[in-house]
1. I'm a student and want to see the number: the projected area of the Cα convex hull of the range 289-398, averaged over all directions, in nm².
2. Given the options Met80, Met373, Met344, state which has the largest fluctuation in a GNM of the chain using a 10 Å cut-off (strictly under) for Cα springs.
3. If I stretch the segment between Ala157 and Val95 completely, what's the gain in nm (0.36 nm per residue apart, minus their alpha carbon distance), one decimal?
4. Rounded to the nearest 0.05, what FRET efficiency is calculated for Glu386 and Ala141 with R0 set to 56 Å and r the Cβ-Cβ distance?
5. If R₀ is 51 angstrom, what is the calculated FRET efficiency for the pair His228 and Ala368, using the beta carbon separation as r and rounding to 0.05?
6. Looking at the chain only, what percent of DSSP beta bridges run antiparallel? Nearest 5 please.
7. For Val24, what is the net charge nearby, where nearby means another residue's Cβ is under 12 Å from its Cβ and Lys, Arg count +1, Asp, Glu -1?
8. For a footprinting-style exposure proxy, rank Glu386, Glu88, Glu75, Glu163 by other Cβ within 10 Å, fewest first.
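Throughout, read-outs are computed from the coordinates displayed, never taken from laboratory work. Because the structure is a prediction, the values reported are computed rather than measured. Positions of Cβ are backbone-derived with ideal geometry, glycine not excepted, and every protein chain shown enters the neighbour counts.
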Amino acid sequence: MTFPINADSPVAYPGPPPQEADVVIVGGGVVGIMSALFLARAGRRPVVIEKGRVAGEQSSRNWGWIRAQGRDWGELPFAMDAKGLWAEIAVECDVDIGFRQTGVTYLARSEKAMQRYAEWQARAVDEGLDCTVLRRAGIDALMPDAQGDWVGGIHTASDCRAEPWVAVPAVARLACRDGARIVENCAVRGLDVEGGRVAGVVTEAGRIKSRSVVVSGGAWSRLLLQRHGVTIPQLAVRSSVVATKALPQVFEGQATDDRVAFRRRADGGYTLASGGRNELFVGRDAFASVGAYLPALRQEPFGTTLLPNAPTGFPDAWGTPRTWALDGPSPFERHRVLNPKPSMRRVTKALRAFEQTFPQISQAEAKAAWAGMIDTMPDFVPVIDEAANLPGLVVATGLSGHGFGIGPAFGKAVAAILCDTPPDHSLSRFRIDRFARPLELGPTL
């Protein structure tokens, strides 16, 4: 399997879609697939409708980290559970998904950063997480081959990793084995609404009747939801990634500082991303959401690079329609898979920073480079909630670049909502209506 998955990948689930289902899930990313798995195991008949390929967008383009370290406090219990769920799922899959417990390390160059780490660690330990603040000697013991002017860092030994382009399709097969259905290359054009509540969806292949619909469309969720009067201040930012060819092992786990993030892969290479900013293509949604994002901008004013004119067909491109008829082509089938070009400047920076961190590597040669569009929220926390103004609709989106690792726990929570059973932890942090009041920004590690 190539990485990331793209529109040219073979169709594994050609359809046709069923005429009705207990639950229709819009989007075949990690949360949609995990929701289908847990719904099927609860005895429901879910169908996942994916306009392109399972895991074709951010769910195969992420770093592959499965971490609890650095999470928002509302996310932390879910992230801790997700590691155990991934471990269980990995055993059930029909391939090795690369799941390994190798730890996550954040590196700090200043005492100010170390103070933030210490404050976060003190509370996280009370929550039961095995994270440790390390001074420079501890970093040297953990990463003896690394060089950098760090004063210390924070490390969580129980954090894990997996290969996302292998893992999510493998879980999709597992979900189908347990009773879910998946249809690829089939766009949901809109919701079918009768009497003020959800009655199903309208796809390019026809209607599917259902009293329950989950919108987990990643960067496309806002575009679909706002057509039906459900507004969320979600934007999509570009993140560029590079995979090296096989290299000698210099660190088994995953780590990051302000210059480069790196993770050992199962094929012997490393997945790298340059530290610092993501990139936002400024469009209509960005202008409409500027008020919601002001707190985050004030907290980290230089955290995002603004770029003009999103590529044609992207969710927030100026030419992408905001309204369309359900009996004709929609924006979703015109652009099956978001495949943005990576920033080669950032790719080169990541390679050079990795070489400087591990000077025994004379040259880190790129095997592949790609970019993904991260569906981000103003507080960097997802929405996992029922839509109050449209009964039958559950929104599961805005995972803000860290959804792969926590995906199983959120999929299980979505299933709990639809099965009318209590979730394992409170979902109040992830409500849609939180954007109507001053936002609570989580810890910034």
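1. On the way: hull surface 43.2 nm².
Projected area, direction-averaged: 10.8 nm².
2. In this elastic network of the chain, the residue with the biggest mean-square fluctuation among Met80, Met373, Met344 is Met344.
3. Values: separation 62, 0.36 × 62 = 22.32 nm, distance 2.48 nm.
The span from Ala157 to Val95 would gain 19.8 nm if fully extended.
4. Details: r = 48 Å, r/R0 = 0.86.
Efficiency computed from Cβ-Cβ geometry: 0.70.
5. On the way: r = 38 Å, r/R0 = 0.74.
After rounding to 0.05, the efficiency reads 0.85.
6. Values: 50 of 72 bridges.
Of those bridges, close to 70 percent are antiparallel.
7. Working: positive: Arg44, Arg45, Arg181, Arg207, Lys209, Arg211; negative: Glu20, Asp22, Glu50, Asp192.
After counting each charged neighbour, the total is +2.
8. Values: Glu386 16, Glu88 9, Glu75 26, Glu163 23.
Lowest to highest Cβ neighbour count: Glu88, Glu386, Glu163, Glu75.
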